[in-house]
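Engineer: Quick one: structure below, then a few questions.
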Amino acid sequence: QVQLVESGGGLVQAGGSLRLSCAASGRTFRSYAMGWFRQAPGKEREFVACISWSGGNTDYADSVKGRFTISRDNAKNTVYLQMNSLKPEDAAVYYCAAAVRFSRRVAAYDHWGQGTQVTVSS
């Protein structure tokens, strides 16, 4: 079992940057693949990025590729999402999640954080 708590959201101007963090409890963190997802009002939750348990593999949604970077520090039980060149369409509640397997699919993730709000002003 793993519990996840996101932080780092906030209000930023278009073109700015934010770094989200997701702190995990439990000794099994390093055995999980981790993902970031987002959900804007009236829209379905969508994949943003994911990283394998070792950090050796990463995957990104086309909409964020080249602007966002996912990373993890297994010694600190934390996964990060560095978001650069933010656009108004990036505004959403961002969730981190843990899965047994490396995947883009929402359904593959068993454990979710409570989310952190990202607002981007134009």
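Engineer: Taking the condition basic (Lys, Arg) and open to solvent by 50 Å² or more (accessible area, probe 1.4 Å), does ARG67 pass?
Structural biologist: On the way: basic (Lys, Arg): yes; open to solvent by 50 Å² or more (accessible area, probe 1.4 Å): no.
For ARG67, the condition - basic (Lys, Arg) and open to solvent by 50 Å² or more (accessible area, probe 1.4 Å) - is not met.
Engineer: While we're here: Do you know which of the residues in the range 1-25 that are in a loop (DSSP other than H, G, I, E, B) and not small (Gly, Ala, Ser) is nearest to ASN77 (Cα to Cα)? Full working, then the answer.
Structural biologist: So the first thing to find is which residues in the range 1-25 are in a loop (DSSP other than H, G, I, E, B), and the list is 1-2, 8-9, 14-17.
If we keep only those that are not small (Gly, Ala, Ser) too, we end up with 1-2.
On the way: GLN1: 13, VAL2: 10 Å.
So, considering only residues that are in a loop (DSSP other than H, G, I, E, B) and not small (Gly, Ala, Ser), the one nearest to ASN77 (Cα to Cα) is VAL2.
Engineer: Given the structure, is ALA75 open to solvent by 60 Å² or more (accessible area, probe 1.4 Å) and not aromatic (Phe, Trp, Tyr)?
Structural biologist: On the way: open to solvent by 60 Å² or more (accessible area, probe 1.4 Å): yes; not aromatic (Phe, Trp, Tyr): yes.
Yes, satisfied.
Engineer: If ALA92 meets every condition in (1) open to solvent by 30 Å² or more (accessible area, probe 1.4 Å); (2) without any contact (Cβ under 8 Å) to a residue 60 or more places away in the chain apart from one, which number is that one?
Structural biologist: For ALA92, the failing item is (1).
Engineer: On the basis of being touching a strand residue (DSSP E or B) at 6+ places or on another chain (Cβ under 7 Å), under 18 Å from THR116 (Cβ atoms), of a type in the set (Gly, Ala, Ser) and surrounded by fewer than 23 Cβ atoms within 10 Å (Cβ to Cβ), does GLY9 make the cut? Working first, answer last.
Structural biologist: Values: touching a strand residue (DSSP E or B) at 6+ places or on another chain (Cβ under 7 Å): yes; under 18 Å from THR116 (Cβ atoms): yes; of a type in the set (Gly, Ala, Ser): yes; surrounded by fewer than 23 Cβ atoms within 10 Å (Cβ to Cβ): yes.
In short, yes.
Engineer: A further question on this structure: Could you go through the range 37-54 and let me know if any residue there is of a type outside the set (Val, Ile, Thr), loosely packed, with under 14 Cβ neighbours inside 10 Å and under 20 Å from PHE102 (Cβ atoms).
Structural biologist: The initial filter retains those residues of the range 37-54 that are of a type outside the set (Val, Ile, Thr), namely 37-47, 49-50, 52-54.
Narrowing further to those that are loosely packed, with under 14 Cβ neighbours inside 10 Å: 41-44, 54.
Add one more test, that the residue is under 20 Å from PHE102 (Cβ atoms), and what stays is 54.
Yes, the range 37-54 contains at least one residue that is of a type outside the set (Val, Ile, Thr), loosely packed, with under 14 Cβ neighbours inside 10 Å and under 20 Å from PHE102 (Cβ atoms).
Engineer: (1) within 21 Å of GLN114 (Cβ to Cβ); (2) open to solvent by 50 Å² or more (accessible area, probe 1.4 Å); (3) basic (Lys, Arg): which one isn't true of ARG30, the others all being true?
Structural biologist: (1)
Engineer: Give me a count of the residues in the range 69-88 that are farther than 15 Å from SER25 by Cα and without any contact (Cβ under 8 Å) to a residue 24 or more places away in the chain.
Structural biologist: Result for the range 69-88: 2.
The values are calculated or read from the model by the stated rules, or taken from the named source; none is laboratory data. In this text the structure is predicted, and so the values were computed from the model without any measurement. Note: ideal-geometry Cβ built from the backbone for every residue, glycine included; neighbour counts use all protein chains shown. The area values use the complete protein model at the heavy-atom level, side chains included, leaving out ligands, DNA and RNA. Shrake-Rupley method; radii C 1.70, N 1.55, O 1.52, S 1.80 Å.
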